[in-house]
Amino acid sequence: MNLKYFTHTAAVIAVAVLILPACKLRQTYVRPAVETDSLYRAGYTTDTTTIANLSWKQMFKDDKLQTLIQEGITNNYDLKIAVARIKQAEANLRQTKAAFLPTLSVGPQYTRQKVAATQGGNLGFTPENVYAVIGNASWEIDLWGKLSSAKKGSLALLLQSYAYQRSVQTKLIADIATNYYNLLAYDKQLVITMQTVDNRKEDVETNKALKIANRVNEASVAQSEANRYAAEVTIPDLQNSIRQTENALCVLTGRHPGAIQRNLLEAQQVDTTLQTGVPAQLLSNRPDVQQAEYNVRYYFEQINVARAYFYPTLNITAQGGWQSATVGDLFKSATIFGNVVGGLTQPIFNKGLNKQRMQLAKAQYEENVATFQQTVLDAGREVSDALYNYKAVEDKSLTRKLQLDAWFRSVDYNRELLKNGYVTYTDVLTSEQGYLSAQLSSINDRLQQLTSLVTLYRSLGGGWK
């Protein structure tokens, strides 16, 4: 091997590496502009304390619900898919890092060739065997930051996969909590409905006794029976809803359909101090917003990659090994050969591919910038809706209590008046239906309060810390 030639070549390459990158083309990522000050319709606050920073165990104090959430985090298949995506992104990042290193291949070769030779004044060809072990190396110097941008893009995809995993977890926790509260509401509705059926059975017996005493007619008896069946016929639907909600929770927790252990709706504790922090915190707290921004960063780096294709590529190639006419002499020092070549390749005509690559990268970047800005806007709307929804329940809670008390007294008075013949059963029926409707509505109010709290927690980005 010609050591002097190798040294000279390496020096030339080193100078090129030092001089050419002076024209640095890769641009630095800057987050797209987003307006956050007025994202919450409820108004701007300077208090950075937010329930999004609470762990889900602090947020949801029901021990049965905590067990379900932990089971979901451990066994949910959507979450496992998200973790698998992280592994893929990690492998992709390692692959882009490997692009900075030289490629090396080694392999044996055998060649049988005919060599021209003169024998006795005549030109002839003598067969000759050539045995060789040859190594090839190639290394692309990252002059314009193409490889660096590709690595940064892969890093953005990795971070995006982590954000996706967090997004799946926050949704999972919210879905488990919402279904759990729905289940408790169905339980409560079933209890009230069964109590109502028992009361209306008593109404039937009362009307039968009053008919015997000639205080009501057969129509009142029939009405009381129909009223009883009207309540009773809703029980199978409630039981079906309970069963389906249990099955949904089983799927979320990664188990086969079955019963769900739970507490009562009345036992649920609600923290009425809802701290939302400042809207700008959504950029760092909401996983879907983070995910959208990492997509923007990825396509920003693709623009840098596309720009680098317009400029020369510096490649260093080397070849070396042993070559001999006989296997026995193959690895002797005299049979060693080698060479190093460095060259710049400037794209001149590439059928518009480089230009199209740049146009595509810019269009994808613009699309993801718009997606990111829309995601932030949607996040603000979700927080605003959840806040107002929770406030609406508080506003009507006192009125609902007054309504329940009024209907309860109406039912009690009308039953007494019916026994004394002052009203018809139609009056009792109207009161009972109004009271049942108010009871069921109060359960829905409580459910709305709990689910709006869950929605607010998720909307602020809670559940992954």
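The values are calculated or read from the model by the stated rules, or taken from the named source; none is laboratory data. Being a predicted model, the structure only gives us computed values, none of them experimental. Quick reminder, even Gly has a Cβ in these numbers, built from the backbone with ideal geometry, and neighbours come from all protein chains shown. Remember, those area values only see protein heavy atoms, side chains included, never the ligands or the DNA or RNA. Shrake-Rupley method; radii C 1.70, N 1.55, O 1.52, S 1.80 Å.
Would you mind calculating the gained length between residue 37 and residue 64 on full extension (0.36 nm times residue separation, minus the Cα-Cα distance), in nm to one decimal? Mind showing how you got there, number by number?
Working: separation 27, 0.36 × 27 = 9.72 nm, distance 3.86 nm.
In short, 5.9 nm is gained.
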- Query: Which of rounded, prolate, oblate describes segment 183-233, given a ≥ b ≥ c as roots of the alpha-carbon gyration tensor eigenvalues and a/c under 1.5 marking rounded, otherwise prolate only if a/b is larger than b/c?
  - Reply: prolate
- Query: How much net charge surrounds residue 166 when only the other residues with a Cβ under 14 Å from the Cβ of residue 166 are counted, with Lys and Arg +1 and Asp and Glu -1?
  - Reply: +2
- Message: As a quick test, which of the pairs 57/80; 87/151; 61/87; 362/465; 61/391 have an alpha carbon distance above 23 angstrom in this structure?
- Response: 61/87; 362/465
- Item | Binned Cα-Cα distance frequencies in segment 157-260 - 10 Å width, integer % | 14, 27, 20, 16, 12, 7, 3, 2, 0
- Message: How much accessible area per residue does segment 146-200 have, counting only protein heavy atoms and a probe of 1.4 Å, in square angstrom?
- Response: 33 Å²
- Message: Please report the spacing between the Cα centers of segment 216-232 and segment 38-85 in Å, no decimals.
- Response: 49 Å
- Task: Once you have a ≥ b ≥ c as the square roots of the Cα gyration tensor eigenvalues for segment 356-442, tell me rounded if a/c is under 1.5, and otherwise prolate or oblate according to whether a/b is larger than b/c.
- Result: prolate
- Item | Estimated FRET transfer efficiency (residue 270, residue 235; beta-carbon r; R0 45 Å; 0.05) | 0.95
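Between residue 399 and residue 367, what is 0.36 nm times their sequence separation minus the Cα-Cα distance? Round to one decimal in nm. Show your work: numbers first, answer last.
Details: separation 32, 0.36 × 32 = 11.52 nm, distance 4.84 nm.
6.7 nm is the gain from fully extending residue 399 to residue 367.
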- Message: Could you give each residue of segment 411-417 its phi-based ³J(HN,Hα) in whole Hz, using Karplus coefficients 6.51, -1.76, 1.60 with θ = phi - 60°, and x for Gly or Pro?
- Response: 4, 4, 5, 5, 5, 5, 5
- Query: Using a simple spin-label model with points 7 Å from Cα along the Cα→Cβ vector, what separation in nm is obtained for residue 129 and residue 259?
  - Reply: 8.3 nm
- Computed FRET efficiency, Cβ-Cβ of residue 104 and residue 309, R0 22 Å: what is it to the nearest 0.05? 0.30
- Query: Along its principal axes, what span do the Cα atoms of segment 222-290 show, with the longest given first and each in whole Å?
  - Reply: 63, 33, 23
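If packing is taken as the average count of other Cβ atoms within 10 Å, what order do 256-266, 380-390 fall into, highest mean first? Intermediate values should be presented prior to the final figure.
Working: 256-266: 12.5, 380-390: 18.5.
Ranked from most to least packed, the peptides come out as 380-390, 256-266.
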- If the chain between residue 353 and residue 83 were fully stretched, how many nm would it gain, using 0.36 nm times the residue separation less the Cα-Cα distance? 93.6 nm
